[in-house]
Amino acid sequence: MAKKKQQLDPVALAQQQQLREQQEVQAAFQKGITALRDFIAPSSLEFFSTHFQLGTRFARTYYVYGYPRQIYTGWLSSMVNLDEVMDMSMFIYPVESQVVLENLRKKVTQLEAGLQIDAEKGRVRDPAKQAAILDAEEMRDKLQVGEERFFRFGLYFTIYGGSMDELEYVAHKVESMLGQQLVYSKPATSQQEQALNSTVPQLTDQLQIRRNFNTGALSTSFPFTSADLTQDDGILYGINMHNSGLVIFDRFSLENSNSVVFAKSGAGKSFTVKLEALRSMMMGTEIFIIDPENEYQRMCEAVGGAYVRLSLTSPTRINPFDLPKVVDTEEADNALTSNLLTLHGLLRLMMGGAQAAMANNGGPSMPALAPSEEADLDAALIETYAKAGITNDPLTHGSPPPTINDLYDTLLHMGGTGPQLAQRLRKYTTGTFAGIFSQQSNIDINNPMVVFNIRDLEDELRPVAMYIVLNFIWNKTKSDQKRRIMIVDEAWQLMKYEDSANFLFSLAKRARKYNLGITTITQDVEDFMGSRMGRAIVNNASMQILLKQSPAAVDVLSDVFKLTSEEKKRLSQFPVGQGLFFAGQNHVHIQIAASETETNLITTNPDQVRAIEQQGSFTGNGGTIDLNNRLMPGI
């Protein structure tokens, strides 16, 4: 047996040696593996009484200990959106209402006893105690009926800096920002380790510094109250005043691309819309503008746009009987019928709608035609087109269309009410307003920006002109579907008349199908929103811009757009160029921002315009603009 044991010893020794070598190799391998915590953990962590050092960076944790009597929604958003590195934690502890009610009862008793003692001793009344009693009683009532709940709330934040000087600078900025809102904070002196543990994401509240909050006050602490309206594409509208970000947005990405702009005179509505038009055109969008006050000429000519001046003395002619040259089969079949309906509304406006509304101090007009007159007019329109060889057959739509003169002749020689209708139409054929809309169209516009100026038209003719221009643009939109924006300035002039308001609303409803966005601008908010169609147009616009408003208009807009009390207050106090920008479900406080070159092109400030016109041209960032000609190469 001894001999056998001696023979096995060398084998056992070799196995033991091999096992030891394997264990050494494994230990060396494990020693070289870096764990996840090695990536997360800093190289060093050293705590001091007022701060701590995390690797090469300095940091300090604060707790909030004081709040004002009333606190408003969004008070924390300024900190959340601060352009500094910061960790923030909130701890919310629900408290049983019954416990709170008992404590409030005791507190009210103590406060009232204190007031009684002060009165007996002749001391000066303490307003703080009376306010505390009122607040406690109000809280008791709301807790009792379940309207409010009670919470304990702790708020801590850690700031960072590359050096102590930088840390002190950030600390001063944050403390000042909170102090402006009467929210007071302190560094967690001699508790920086516990404070750090309270702000890292491990859900431990080691500081346990809390304040009583009810449901309403706690809801104001929700940190993410500022909307971010920055997209990868779109155009720059301005600066988000909530977080200093850029508002870059594509209105065509919304469910519809319609927009409304409300502002009092001088608040910057035309500036805002012209800036959008200029930048949209650079992105390939075609722009049509109805300009009632000659505000768009300088911009139009500078970018090489087509400027169409409509007046009784101008050579420009637009025939409302023109049919769109559509390719779509369904649209082609309905082209004549659609235009007949449009002409009905136009002719009602021409034969009494405008005059009736003007006589009624701008109020909604009643239908200008009786049912029998409507029937005769419809028959006359169909017959007038038939005489020109145009029927519902799309193959006949290439024939030259008739004019109002042809309709006048048809009405004059037909029975029924035709001759009376012809007399009401005569001023547009051989009377005062003859020529401008009673001849064949002589414009064929193919330009990325077209401005129709109607400033020189008489007041009675303006709504008719706006109606006809809208129809002209609509026909071109249906004929050639590109991305387009149509700007209707001073839209209240259309909303005064029932037929033109209905027509504008019908365009707003159907525009998306033809890749068209309609921008409606007005300063007479009360008149516009007082109209049923005006409210419908606003509800059918996915984008709205509200600049500074008159106090009377604020209440109307607040009701329509469901503004908060703070937004309602600001709406009448915004400086020029600032306002609320609504896009779908989001809205932000925006500052409209333009470059110097853009400002010189689109400003309507009389002093700036006079200085530019005296110079004759100016040098922008990208080239020279000759105001007497057009945009020169290089811009």
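The values are calculated or read from the model by the stated rules, or taken from the named source; none is laboratory data. Owing to the predicted nature of the structure, the values given are computational and were not obtained by experimental measurement. Cβ sites come from the backbone with ideal geometry, for glycine too, and all protein chains shown count toward neighbours.
Every residue, every condition in (1) touching a residue at least 12 places away in the same chain (Cβ under 8 Å); (2) among the charged types (D, E, K, R); (3) in contact with a Cys (Cβ under 6 Å, 6 or more places away or on another chain); (4) outside any loop (DSSP other than H, G, I, E, B), yes or no:
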site: E166; (1), (2), (3), (4): yes, yes, no, yes
site: H172; (1), (2), (3), (4): no, no, no, yes
site: T204; (1), (2), (3), (4): no, no, no, no
site: Q208; (1), (2), (3), (4): yes, no, no, no
site: F222; (1), (2), (3), (4): yes, no, no, no
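Go through the range 390-410 and report how many residues are modelled with pLDDT of 90 or more and more than 18 Å from T342 (Cα to Cα). Result for the range 390-410: 2. Sort out which residues of the range 521-544 are touching an Asp or Glu at 6+ places or on another chain (Cβ under 9 Å) and modelled with pLDDT of 80 or more, and write them in order of number. Within the range 521-544, I521, T522, Q523, M533, G534, S542 qualify. Here Q70 passes the criteria (1) part of a loop (DSSP other than H, G, I, E, B); (2) in contact (Cβ under 8 Å) with a residue 40 or more places away in the chain; (3) under 26 Å from R149 (Cα atoms) except the one numbered (2).
Condition check ((1) loosely packed, with under 15 Cβ neighbours inside 10 Å; (2) in a loop (DSSP other than H, G, I, E, B); (3) assigned by TED's automatic domain parsing to the domain that holds I133) across all residues:
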{"residue": "G74", "(1), (2), (3)": "no, yes, yes"}
{"residue": "M79", "(1), (2), (3)": "no, no, yes"}
{"residue": "D83", "(1), (2), (3)": "yes, yes, yes"}
{"residue": "D87", "(1), (2), (3)": "no, no, yes"}
{"residue": "F91", "(1), (2), (3)": "no, no, yes"}
{"residue": "R105", "(1), (2), (3)": "yes, no, yes"}
{"residue": "V108", "(1), (2), (3)": "no, no, yes"}
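For the range 515-552, taking the residues that are crowded, with 19+ Cβ neighbours inside 10 Å and in a helix (DSSP H, G or I), the one that is farthest from the chain's Cα centre (by Cα) is identified as M533. As for the range 50-60, it holds no residue that is within 23 Å of E168 (Cβ to Cβ), of a type in the set (S, T, N, Q) and touching a His at 6+ places or on another chain (Cβ under 8 Å). Quick check on F505: is it under 28 Å from D459 (Cα atoms), out of contact with any Asp or Glu (no Cβ under 9 Å at 6 or more places or on another chain) and of a type outside the set (D, E, K, R)? Considered against the rule, which asks whether it is under 28 Å from D459 (Cα atoms), out of contact with any Asp or Glu (no Cβ under 9 Å at 6 or more places or on another chain) and of a type outside the set (D, E, K, R), F505 comes out as yes.
Of the residues making up the range 555-585, those that are surrounded by 17 or more Cβ atoms within 10 Å (Cβ to Cβ), on the phi > 0 side of the Ramachandran plot and at pLDDT below 85 number 0.
Between N294, N240, the distinction of being in contact with a His (Cβ under 8 Å, 6 or more places away or on another chain) and either over 15 Å from G517 (Cβ atoms) or β-branched (V, I, T) (or both) belongs to N240 only.
Residues in the range 282-302 that are in a helix (DSSP H, G or I) and either in contact with a Lys or Arg (Cβ under 8 Å, 6 or more places away or on another chain) or at pLDDT 90 or above (or both): M299, E301, A302.
Taken over the range 110-131, residues that are assigned to a helix (DSSP H, G or I) and out of contact with any Asp or Glu (no Cβ under 9 Å at 6 or more places or on another chain) amount to 12. Just one of the numbered conditions (1) of a type in the set (V, I, T); (2) at pLDDT below 85; (3) under 30 Å from the mean Cα position of the chain (by Cα) is not true of I443: (3). Looking at this structure, is T272 polar (S, T, N, Q) and surrounded by fewer than 22 Cβ atoms within 10 Å (Cβ to Cβ)? No: the conditions fail for T272.
Right, A594: at pLDDT 65 or above, closer than 16 Å to L275 by Cα and surrounded by 14 or more Cβ atoms within 10 Å (Cβ to Cβ) or not? Against the criterion (at pLDDT 65 or above, closer than 16 Å to L275 by Cα and surrounded by 14 or more Cβ atoms within 10 Å (Cβ to Cβ)), A594 qualifies. In this structure, is G146 in contact with a helix residue (DSSP H, G or I) (Cβ under 9 Å, 6 or more places away or on another chain) and surrounded by fewer than 18 Cβ atoms within 10 Å (Cβ to Cβ)? Spelling it out, G146 is indeed in contact with a helix residue (DSSP H, G or I) (Cβ under 9 Å, 6 or more places away or on another chain) and surrounded by fewer than 18 Cβ atoms within 10 Å (Cβ to Cβ). Residue count for the range 487-503 satisfying the condition of being surrounded by fewer than 24 Cβ atoms within 10 Å (Cβ to Cβ) and among the hydrophobic types (A, V, I, L, M, F, W, C): 2.
Any residue in the range 148-164 that is assigned to a helix (DSSP H, G or I) and at pLDDT 90 or above? Yes: one or more hits. Among the residues of the range 230-254, write down those that are closer than 16 Å to G579 by Cβ and in a loop (DSSP other than H, G, I, E, B). Hits for the range 230-254 are M241, H242.
Residues in the range 459-486 that are crowded, with 20+ Cβ neighbours inside 10 Å, outside the structural domain of S257 (by TED's automatic domain parsing) and not in a helix (DSSP H, G or I): L461 alone.
Has the range 235-250 got at least one residue that is charged (D, E, K, R), modelled with pLDDT of 85 or more and out of contact with any Leu (no Cβ under 8 Å at 6 or more places or on another chain)? Yes, that holds for at least one residue. Between S176, S185, S198, the distinction of being within 30 Å of L104 (Cα to Cα) and assigned to a helix (DSSP H, G or I) belongs to S198 only.
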